[in-house]
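Heads up, the thing below is written out as structure tokens.
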Amino acid sequence: ALLPILNYPDPRLRTIATPVKKITDDIKTLITDMIDTMYDAQGIGLAASQVDQHIQLIVMDLSEDKDTPMVFINPKVTPLVEEKQPYEEGCLSVPDVYDKVDRPNKVRIEALDENGKEIDKEVEGLLAVCIQHEMDHLNGVIFVDYLSKLKQTRARDKVRKVIKIREKQE
Ligand SMILES: O=C(O)C[C@@H](Cc1ccccc1)C(=O)SCC(=O)c1ccccc1
Ligand SMILES: [Zn+2]
């Protein structure tokens, strides 16, 4: 099923996600729904916080054919390089807003997959940028928080306009 995505500056996006204790059938259904929702919204990642489910769960798919979803449960991300690089980011909760954010571009990801199997890998580039962006969501941080106050105001105005247009289309 498609889930509604919370839009910035909804305060629910600031909720800190809690660890997943047991991978229940409900969680497996949420994973499927989040993957469907991510594809429908043309995203490459989605954090459970964005669909108002405040547990430590991220889905991502950076593949061309949108047929290789990745699931990260209770993820831990550790930077592997000191220096940060700018990368153009977007966010499904801040539609039509894109801007550069500086982040380490090589990180280690430790997590569980949807079957509870350990994941422990080093990634770089867009995958590293995206997982850090998703981790921020689980900690109530949105990428516009790294931008200037002026850009944050512009982002709020932009989201308001996009939502109005979407409501008219329905
Ligand atoms: O809101 C989200 O978490 C999804 C977000 C993930 C993300 C994309 C790019 C950089 C960092 C994090 C998106 O998928 S935004 C839409 C998108 O597909 C995209 C935007 C910019 C570059 C590449 C992809
Ligand atoms: Zn986002």
Practice problem: Find the accessible area per residue for the chain; the probe is 1.4 Å, ligands and nucleic acids are left out, and the unit is Å². | Solution: 55 Å²
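Quantify, in whole percent, the carbon and sulfur part of the accessible surface of the chain (1.4 Å probe; protein heavy atoms only).
On the way: 4850 of 9410 Å².
Summing carbon and sulfur atoms, their accessible area is 52 percent of the total for the chain.
Taking the inverse of the average 1/r across all pairs of different Cα atoms in the chain, what Kirkwood radius in Å do you get?
On the way: mean 1/r = 0.0610 Å⁻¹.
Computed over the chain, the radius equals 16.4 Å.
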Quiz item: From the phi of every residue in region 95-106, what ³J(HN,Hα) in whole Hz does the Karplus formula 6.51 cos²θ - 1.76 cosθ + 1.60 yield, where θ is phi - 60° and glycine or proline is x?
Solution: x, 6, 10, 10, 6, 7, 10, 8, 8, x, 10, 9
Practice problem: Report the net charge of residues surrounding Leu13, where surrounding means a beta-carbon distance below 14 angstrom and charges are Lys +1, Arg +1, Asp -1, Glu -1. | Solution: -2
Quiz item: Can you list residues whose amide H is under 5 Å from Glu89's amide H, if they're 5+ apart or on another chain and H is modeled 1.01 Å from N?
Solution: Asp99, Lys100, Val101
Self-check item: Spatially proximal aspartates and glutamates relative to Lys149 (Cα-Cα < 20 Å; intrachain offsets below 8 disregarded)
Solution: Asp10, Glu88, Glu89, Asp96, Asp99, Asp102, Asp136, Asp157
Practice problem: Using the structure shown, list the pairs from Lys76/Lys121; Lys100/Lys151; Lys100/Lys161; Lys66/Lys161; Lys21/Lys106 with a Cα-Cα distance above 20 Å, or answer none. | Solution: Lys100/Lys161; Lys66/Lys161; Lys21/Lys106
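With Cβ to Cβ distances under 9 Å as the rule, what net charge do the other residues near Lys121 carry (K, R +1; D, E -1)? List each step's numbers first, then the result.
Details: positive: Arg108; negative: Glu110, Asp120, Glu122.
That sum, taken over residues with Cβ under 9 Å, equals -2.
The values are calculated or read from the model by the stated rules, or taken from the named source; none is laboratory data. All of these numbers come straight from a predicted model, not from anything done at the bench. Cβ atoms come from the backbone with ideal geometry, glycine included; neighbour counts cover every protein chain shown. These area figures cover heavy atoms from the full protein model, side chains too; ligands, DNA and RNA do not enter into them. Shrake-Rupley method; radii C 1.70, N 1.55, O 1.52, S 1.80 Å.
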